[in-house]
1. How large is ³J(HN,Hα) for each residue in region 172-179, as worked out from phi by the Karplus curve 6.51 cos²θ - 1.76 cosθ + 1.60 (θ = phi - 60°), to whole Hz, x for Gly and Pro?
2. What is the order of 160, 177, 8, fewest Cβ neighbours within 10 Å to most?
3. Once Rh for the chain is found with the Kirkwood sum over Cα pairs, what is the Stokes-Einstein diffusion coefficient at 20 °C and 1.002 mPa s, in µm²/s?
4. So for the pair residue 202, residue 134, with labels modelled 7 Å out along Cα→Cβ, what separation do we get in nm?
5. So what is the relative contact order of the chain, in percent, for Cα pairs below 8 Å that sit 6 or more residues apart?
6. Output the DSSP H helices from the chain with an along-axis C-alpha extent of no less than 24 Å and a mean Kyte-Doolittle hydropathy no less than 0.5.
7. Sketch the reach of a paramagnetic label on residue 39 as a point 7 Å from Cα along Cα-to-Cβ, and name the residues of region 150-169 whose backbone nitrogen lies under 14 Å away.
8. Could you list 318, 248 so that the one with the fewest beta carbons within 10 Å of its beta carbon is first and the one with the most is last?
Amino acid sequence: MKRYSRITGTGSYLPPRRLTNADLVAELAAKGVETSDDWIVERTGIRARHFAADGVYSSDLGLEAARSALQAAGRNPQDVDLIIVATSTPDMVFPSTACILQNKLGANGCAAFDVQAVCSGFVYALAVADSMIQTGAAKCALVVGAEVFSRILDFNDRTTCVLFGDGAGAVVLEASTTPGILASDLHADGKHVGILCVPGHVSGGAILGDPLLKMDGQAVFKLAVGLLESAAKATLAKANLTEADIDWLVPHQANIRIMQSTARKLKLSMDKVVVTVAQHGNTSAASIPLALDTAVRSGQVKTGETLLLEGVGGGFTWGALLLVL
Ligand code: ACO
């Protein structure tokens, strides 16, 4: 009998400090950086984001999301035999945030590692966990997306600092005789490294290069829409399904205009798109599981429905994953 993987619980967590656009506009104005609620809403759809307090790390946000997902799945940390954390804002250079999270969770002993694919990270991590479950290497995986992007934002650069937020989302993925994850499609093209990156690195005890996020927004926008369309179509084809079979598109929450363009290309009504960017901003690898958990807990998305998850981000990386919830 074919072995599938299936999501049995979802969870998410947002740090308590919430900044509306008005709050952020006022903070930036005090530094001489000019922006407005109107500009941010019109260009991005973002109305608020959460920022973690000093001393709170990706593993802390991931821990809360993981606990909530385990509770929803009716599982204990000891049941988990694989932890994958998708993050581009790890707690340390090493060890992995997954190992730090594992220890905080009390799930010590199971395999744990990070996936670094920026905003595509959660789709990458879920596809890897699915493969490991299908091969029998794992049977109960915790897949987490967690980010503290506020730490790598340049608050003197209005073209980027208004876009991102902090948060975490998680799913428990378990072996199952019924599907589950139906198909996935992952890609990267390293020739686009420079359009979205944090170019600095640590060397000899100092940071060399710029440790803050740099982005060519228009180049990202143009690439993102086409790549998301191709990944979605390739994933559907692998499962012998079409756009008409999708109950919900759960896209990376970068920008409402990217989501609208993608939905248009897939001939999907926006009524079928889970949208949380207004309240969360772009939380990179956390954005898809955060959106998924929000939609599950509000009753918008239901067990048995067919979901297409898709992400795109720095690298350039992109991918999609089709599943029955
Ligand atoms: N407030 C006010 N004005 C601003 C701001 C701001 N925060 N940021 C830029 N502007 C100004 C610019 O200076 C420019 O002014 P000018 O015409 O006088 O030179 C004007 O607004 C237009 O700037 P553009 O960069 O052309 O604005 P655009 O319409 O391209 O929107 C944006 C910028 C929102 C970043 C857009 O390019 C975009 O959505 N790109 C996708 C990138 C994205 O979402 N990245 C997220 C990370 S990647 C990912 O997750 C996939």
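1. 9, 10, 10, 4, 8, 8, 10, x
2. Going from least to most buried by this count: 177, 8, 160.
3. Approximately 110 µm²/s, per Stokes-Einstein.
4. Each label point is offset 7 Å from its Cα along the Cβ direction, giving 3.6 nm.
5. For the chain, the relative contact order is 26 percent.
6. Once both thresholds are applied, what remains is 217-238.
7. Once the point is set 7 Å along Cα→Cβ of residue 39, 155-163 turn out to lie under 14 Å by backbone N, inside region 150-169.
8. 248, 318
Quick note: the coordinates plus some simple rules give every number you see, no bench work behind them. Because the structure is a prediction, the values reported are computed rather than measured. A quick note on method: Cβ atoms are made from the backbone with ideal geometry, for glycine too, and the neighbour counts reach across all protein chains shown.
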